[in-house]
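Asker: Shown below is the structure under consideration.
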Amino acid sequence: MPSQYRRGKKSSMIAHLIRLYRKEHGISLRRLAPRIGVGFTVLSRFENGQSIVGDNWLKILRWLLGDYKL
């Protein structure tokens, strides 16, 4: 497991999973963001390591856990 995950940076791991999903499915940030229910810039910032809070964080987490249908 990469060291940034062992240090407790859970958001980094989640961002990595989102990026991995996008790459495997050939989907852009601009296309995925509205499906999750967040803005493109929110998802971009999250993938690049900036923290987000509140509803946007919950929307991303719910999508990742399978509540959202693509």
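Asker: Relative to the compact globular guide of 2.2 N^0.38 Å, what is the alpha carbon radius of gyration of region 13-70, as a ratio?
Answerer: Relative to the 2.2 N^0.38 Å estimate, region 13-70 comes out at 0.98.
Asker: In addition: What net charge do the residues around S44 carry, taking every other residue with its C-beta under 13 Å from that of S44, with Lys and Arg at +1 and Asp and Glu at -1?
Answerer: My count for the surroundings of S44 gives +4.
Asker: Separate question: Hey, with R₀ at 22 Å, roughly what FRET efficiency would Y21 and D55 work out to, going by the Cβ-Cβ distance, to 0.05?
Answerer: The calculated FRET efficiency here is 0.60.
Asker: Oh, and also: Sketch the reach of a paramagnetic label on L64 as a point 7 Å from Cα along Cα-to-Cβ, and name the residues of region 19-34 whose backbone nitrogen lies under 14 Å away.
Answerer: 19-22
Asker: Using a 1.4 angstrom probe on the protein heavy atoms only, could you order F46, F40 from most to least accessible area?
Answerer: From most exposed to least exposed: F40, F46.
The values are calculated or read from the model by the stated rules, or taken from the named source; none is laboratory data. The structure displayed is predicted, hence computed values, not measured ones. Quick reminder, even Gly has a Cβ in these numbers, built from the backbone with ideal geometry, and neighbours come from all protein chains shown. With ligands, DNA and RNA removed, areas are computed over all heavy atoms of the protein, side chains included. Shrake-Rupley method; radii C 1.70, N 1.55, O 1.52, S 1.80 Å.
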